[in-house]
1. Can you work out which of the residues in segment 611-629 that are surrounded by 15 or more Cβ atoms within 10 Å (Cβ to Cβ) and aliphatic (A, V, I, L, M) is nearest to G597 (Cα to Cα)?
2. State the number of residues belonging to segment 575-589 that are part of a loop (DSSP other than H, G, I, E, B), in contact with a Phe, Trp or Tyr (Cβ under 8 Å, 6 or more places away or on another chain) and charged (D, E, K, R).
3. Mind checking which residues of segment 347-401 are touching a Phe, Trp or Tyr at 6+ places or on another chain (Cβ under 8 Å), open to solvent by less than 10 Å² (accessible area, probe 1.4 Å) and within 20 Å of T277 (Cβ to Cβ)?
4. Check every one of the strands (runs of 3 or more DSSP E) wholly within segment 384-474 and list those with 2 or more residues that are not hydrophobic (A, V, I, L, M, F, W, C).
5. State whether the residues of segment 274-283 include one that is farther than 22 Å from I132 by Cα and open to solvent by less than 10 Å² (accessible area, probe 1.4 Å).
6. For N149, state whether it is within 34 Å of the chain's Cα centre (by Cα), surrounded by 16 or more Cβ atoms within 10 Å (Cβ to Cβ) and part of a loop (DSSP other than H, G, I, E, B).
7. Somewhere in segment 108-118, is a residue over 30 Å from L233 (Cα atoms), of a type outside the set (S, T, Y) and in contact with a Leu (Cβ under 6 Å, 6 or more places away or on another chain)?
Amino acid sequence: MKVRISHCLLFLLFGIFLCPLAWSAEFFVSVDGHDSQPGTREAPFATVAQAQQAARSLQTEAVTVTLHGGVYYLPEPLRFTPADSGSQQAPVIYQAVPNETVVLSGGLRLQLQWQPYRDGIWMASVSPSLAIDQLFLDGQRLPMARYPNFDPSVRVFNGYDRDCFAPQRAVRWANPTGGFIHAMHKHEWGDIHYVITGKDPDNQVQFEGGWQNNRPYGMHDQHRFVENIFEELDAPGEWFYDKSKSILYVLPPHGLDLTTAKVEIVRLKELVHLQGTPSQPVQWITLRGLTFRHAARTFMDNKEPLLRSDWTVYRGGAVFFQGAQHCTIEDCVFDQLGGNTIFVNNWNRAITIRGCDIHESGANGIAFVGHPDAVRNPLFKYEERQSLAEIDLTPGPRSDDYPRDCLVEDCLITRTGRVEKQTAPVQISMAFAITVRHCSIYEVPRAGINISEGTFGGHVIEYCDVFDTVLETGDHGSFNSWGRDRFWGLENTPPSRLPELAKLDMLQPNILRHNRWRCDHGWDIDLDDGSSNYEIYNNLLLNGGLKLREGFHRTVYNNITVNNTLHPHVWYEESQDIVKHNLFMAAYRPAGGMPKGRWGRQIDRNLFTTSEADRTAFASHGCDPSSIVANPMFLDPARADYRVHPDSPALSLGFQNFPMDQFGVQKPSLKARARQPVFPAIKGSISAPSPALPVYQWQGMLLRDLTGEAFSAFGVSKESGGIQVFALTDAATAPLRQNDLIQGINSDPVRNIAELLHRLASLTP
C-alpha cells in the first residue's frame, strides 16, 4: 500500500500546532500478483476481490485501486455494499492503468484437447460441471448451431424461416431438448423466446416460454429461427455443447486454428453488483477505464411486465445498481455482453455513466427502471382500464423507489439487442430526471431511446445522434415513448378533465432538444399512446418525421423535418398541443380519430417547402393560417448543415438556427470511431397527392381499407387488416360511427373491402 499526504495545513496559534490531514491510499492489482502480497506497486494483489477487502478497511480515506492490463476471470460477481463506500471528500476509485486493457470477465478460459469429429467439425471434452451459454474464440462470440444459418445480410434475426421447427425439419433431430425457438412478435413489436422440451412421435416440437411480451399475440408467421440443436451444426463459426456427454463441438471459422485459438465460455449473469438501501446507500464509487466482457444471456429470465405496455423486463445486468448514489462508470468498454449491459434498478440517485463504449449487447444498453409500487394506480395490461372515481388524484409518485437525477453522457452505444429485440440502447421506465446527452446510438433492432410511460418525467434528451434504428421490429421510431398513465383510457371522465389529469404522473415535462434523428423503418420521433407533457425543439429529423399520438401538452417548435412532416394520430379534442416555427416538407399526415374541429391549441407559423396545397390541406382544422410556403435557403445540406441563410423567410416566422456540429459523442477517441447517418438529398416536392384509396358505400357509410400508418393508428397488424368507417352520409343506417373499424361479420374475419364484398355476397339469399 502506498500512502500519500494530500494536503497539510499548518497553523501556529497560541502555541497550538493544527494539522488536519486528508489521507489517500492506493492499491495495485496484477494478473501476475499474489493475494498474500501487500498490494503495492512492487508487490500487487492478484484479484480485485482482495483489493476490495483492503480498500474496505480504510473507510475514512480516499482509495484508488489500480489494475494492470490482463483478463481477470471473476469466480463470482464483485459485490459492493455500503461498507465499500467512499465520500465526496474521499471517493473510492477502481481504475485501469492508462493505455492498458483491463478485462473483468464473467467467463472462463478453457484449455482443450481438440480432435476431429466429421465434416470439418472438431470436438473436445470439457468439465461436466460447466454450463456453456456462449462461446468466444479469440475474443469473438460465435453463434450456436442454428437454422437458418447466420447471415449478416438478412435484416431480421440474421436469418429466419417460418418452418424452422416444423415436423419436416424436426424429423432430422434426434433430441432437440434444450434448443431454443426465437420468433418475432406477431405485430413485430419485439420478440419472444421458447425453450424446446422435446418432440412427440409425429415430430411435433414441444416447447415452453413466450412470456417476454406483455401483449402475447403469438409468433410472427415468418420471422423465426431455432438454435442449440446438434444436427444444425453445419456452418463455419457454429458450435454446440452436448451437456449429457460433456463434449463441445465446433465448426471453426475459415482460417482459424482451433489448436492455438483462445477459447472462452460464459458463466456469470452479473459482473459487478452495487447494492445498498436508501438509508444506507453504496456511494462515491467510480469504475474507470475497465472492459467488461462475458456475461450470460438472460432472455428466458425476461418475464416481469412493465406498466401497461407490451414490454417485459429482466432486472439484472452486467453492472447492476440498486440503492446507490453518486456512483460513476467512466471511460469503460462493454463488449459483447449477453443480456442487459447496465441496469439501474429502483432507488438510485445521481448515477453517472460517461465516456463509455457499449456494443454488441444481448439486450438493453443502459436501463433505468423503478418499482411499480412507486406508481399510483399502476396497471400492467394494455387493455386494463379504470374510472375516475377509482383513482388516487394525488400528483406524483407514491414512494421514492425509483432512479432519479442520473446522467448518461458522451457514450457510444451500438448494436445492442443482439438477442432480445424489444430493448433499447437507453431504456427509461418509472424514473425521474434522467439526462441523456451527447450520445451516438445506431444499428439497433428497435428504438434508440425509449421512455416507457409518463412516470415521472423530467427527462432531458439532448445533443444525441440516433439513427439506423427499428432495423428488425416495426411500428416504432428512433425515439419512442408512450404515456399510458392514470389518465389514459380513464372511464366515466368528462373530456374537459383530461388535460389536467394528464399531468398527475409527470413531475416535470420531458425535453427533446438539439438532437439528430433518422429512422428509415418508422418515425424519427414517435410519441405513441398518451405521450404527454413534452417540449420538443431544435431537433433535426432526417427521414421519418414526427408522430404525435393521443396525448396532451406537447410543444413542438423550431424543428427541421427533412423530406417529411408532422404525423398527428388520434388527437384529443383539447390536446393543448402547440406546433410552431418548424420546417416541414410535406402536408401533415393524420391517421385515425382526429378531431372534426380545431387541432390543438396552435398549429401555425410553420414553413412548408413544397406547395400551397400542403400548407392549406388542414385549414379547416385551424392549421397554419399564418404559415408560408418558401425556400428555407439551407446553407449546405449536402454536408449536413441545415442552418438557414440570414435572408431565409423561415426567420421571419420565428425559426432560429441551432448548431449542426454538436450531435453525438464528443470524447475524441469515441468521436473518431463513431459513424454518422446518411444525409438525404432534399426532395423538391414529396407531397404529390397519393392515389385515392378505394371507397365503398354501404348502408350510408363510406368505407376504405386500412393502409400505411392507419395500421398503427388503429393498433392492428397488417396481417389482420381492417376496414375504416371513413365517413357517414345522411342515409347511414348501421349503428357505427366515423373511425370505427370493421374486422369481421358474424364472427367471420374480413381484412379488406374485397373480402367484405365477398362475404356480403355469400349472405345474399
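1. A617
2. 1
3. N348, I351, V369, G370, A374
4. Here the list reads 403-409, 426-429, 432-437, 440-442, 449-452.
5. Yes, that holds for at least one residue.
6. yes
7. no
Residue-wise test of (1) touching a Ser or Thr at 6+ places or on another chain (Cβ under 7 Å); (2) farther than 17 Å from M144 by Cα; (3) not β-branched (V, I, T).
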| site | (1), (2), (3) |
| --- | --- |
| R224 | no, no, yes |
| N228 | no, no, yes |
| L233 | no, no, yes |
| L258 | no, no, yes |
| L268 | no, yes, yes |
| P281 | no, yes, yes |
| L306 | yes, yes, yes |
| A318 | yes, yes, yes |
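The values are calculated or read from the model by the stated rules, or taken from the named source; none is laboratory data. Bear in mind that the values here come from a model prediction, so they are computed numbers and not experimental data. Using ideal geometry, Cβ is built from the backbone for each residue, glycine included, and neighbour counts are taken over all protein chains shown. What goes into the accessible areas is simple: the full protein's heavy atoms, side chains included, and nothing from ligands, DNA or RNA. Shrake-Rupley method; radii C 1.70, N 1.55, O 1.52, S 1.80 Å.
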